[in-house]
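The values are calculated or read from the model by the stated rules, or taken from the named source; none is laboratory data. All values reported here derive from a predicted model rather than from experimental measurement. Note: ideal-geometry Cβ built from the backbone for every residue, glycine included; neighbour counts use all protein chains shown. Ligands, DNA and RNA are excluded from the accessible area calculation, which covers all protein heavy atoms including side chains. Shrake-Rupley method; radii C 1.70, N 1.55, O 1.52, S 1.80 Å.
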Amino acid sequence: MTSIVLGYIYIICFLFLKLTQSFRNYTALIMGIFGFTILQCLFIIIIFITARRRQRKIYRDRFSEEQVKNLKMYTDQLEKDQLKLRHFKHDYKNLLFSLKTVAAEQNYDAMNQALDNLENYSDDYLKNLSIDLYQDLNNVKNPYLKSLFISKLNTINQKKIACSFNCTDELNNLPMNAFDLIRLLDQAINNAIHFTERQEHGQIQLAITQEDQQLAFLINNSLANLPTTERSEDYLELLHIKDLKKKYSNIFIQHSKNAKWFRFHITLITKEEQL
């Protein structure tokens with residue numbers, strides 16, 4: 001849109017110069033028309049800037065609403081896990097008391113049975129908790145990025161897909177526009193979910209790593225020989241990778257595939273390293 005407006009102004013100026021050279025006797029009339037055209041162009045530019053700001057505000061407001069929704073989802077899940085842990089703590093004490101009673105009787109068969117029951121009971125509880133899945137989210141300081149990962153991790157958890165999320169270092173600043181990065185990550189994770197949810201033992205690995213002035217986002221999903229004509233590479237067109245590479249010189253996007261995994265990696269170079 002900016003190019004169209006600038007091109008329009010250039011054409012008007014060019015025509016004005018040609019007209020003044022060809023019709024010098026009508027200079028006043030041409031000047032009036034030119035002044036009116038300039039005012040029209042300014043009016044168009046003002047409308048364009050206003051519409052652009054309004055659209056940006058609408059997008060930010062919509063994203064803020066989504067962020068609040070995801071944070072509420074996150075806190076609700078943590079509250080559920082907290083209630084489960086309280087219940088587990090109460091039952092765990094009862095199981096330990098039973099184990100001590102069996103140990104005092106020196107009944108080794110009953111002791112082994114009690115230990116098996118305790119182990120199975122603990123595994124059932126701990127596997128259903130999402131604390132391990134969300135624990136590294138505290139290191140993601142950007143609120144928009146954090147909101148995105150909360151939403152995607154919750155979706156993956158609801159679809160019963162085995163998932164891991166790692167972010168061992170604090171992530172504060174992003175070397176590109178946050179909204180462009182979020183749109184890219186959103187679609188990339190959606191692709192991983194799409195090709196994993198139909199697998200019997202599907203897995204997704206999400207990670208954020210920082211090393212040597214490089215920030216990397218890793219999205220890996222398992223593959224299975226499902227009866228489908230869809231290919232993971234076809235969905236890469238939805239990411240608009242070429243447009244992003246034209247817009248940002250510090251972004252590198254790679255993808256690879258073997259018999260078990262499809263890997264999609266986004267690497268961002270910070271300004272310090274580019275200089």
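Which members of segment 34-68 meet the condition of being surrounded by 13 or more Cβ atoms within 10 Å (Cβ to Cβ) and touching a residue at least 12 places away in the same chain (Cβ under 8 Å)?
Across segment 34-68, the qualifying residues are Phe34, Thr37, Ile38, Cys41, Ile44, Ile45, Phe48, Phe63, Glu66, Gln67.
Grab the strands (runs of 3 or more DSSP E) fully contained in segment 126-223, keeping just those with 1 or more residues being under 25 Å from Ser249 (Cα atoms).
The strands (runs of 3 or more DSSP E) meeting that bar are 203-211, 214-222.
Report yes if Ala259 is among the small types (Gly, Ala, Ser) and either surrounded by 14 or more Cβ atoms within 10 Å (Cβ to Cβ) or at pLDDT 90 or above (or both), otherwise no.
no
Do we find a residue being buried (at least 20 other Cβ atoms within 10 Å of the Cβ) and touching a Lys or Arg at 6+ places or on another chain (Cβ under 7 Å) anywhere in segment 142-160?
no
From the list Thr196, Thr168, which one is among the hydroxyl-bearing types (Ser, Thr, Tyr) and more than 28 Å from Thr270 (Cβ to Cβ)?
Thr196
Assess whether Phe179 counts as being surrounded by fewer than 16 Cβ atoms within 10 Å (Cβ to Cβ), in contact (Cβ under 8 Å) with a residue 24 or more places away in the chain, closer than 20 Å to Leu71 by Cβ and under 16 Å from the mean Cα position of the chain (by Cα).
Yes: the conditions hold for Phe179.
Filter segment 184-213 down to residues that are open to solvent by 70 Å² or more (accessible area, probe 1.4 Å), within 17 Å of Asn173 (Cα to Cα) and not acidic (Asp, Glu), then give me how many there are.
Adding up the residues that qualify gives 2.
Taking segment 1-19 as the search range and keeping residues that are at pLDDT 70 or above and either of a type in the set (S, T, N, Q) or within 25 Å of Gln55 (Cβ to Cβ) (or both), which one is least open to solvent (accessible area, probe 1.4 Å)?
Gly7
Would you check which residues across segment 214-233 are at pLDDT below 85 and surrounded by 12 or more Cβ atoms within 10 Å (Cβ to Cβ) and list them?
Ala224, Ser232
Take the residues in segment 177-213 that are modelled with pLDDT under 90 and among the polar types (S, T, N, Q); name whichever of them is farthest from Arg263 (Cα to Cα).
So, considering only residues that are modelled with pLDDT under 90 and among the polar types (S, T, N, Q), the one farthest from Arg263 (Cα to Cα) is Asn177.
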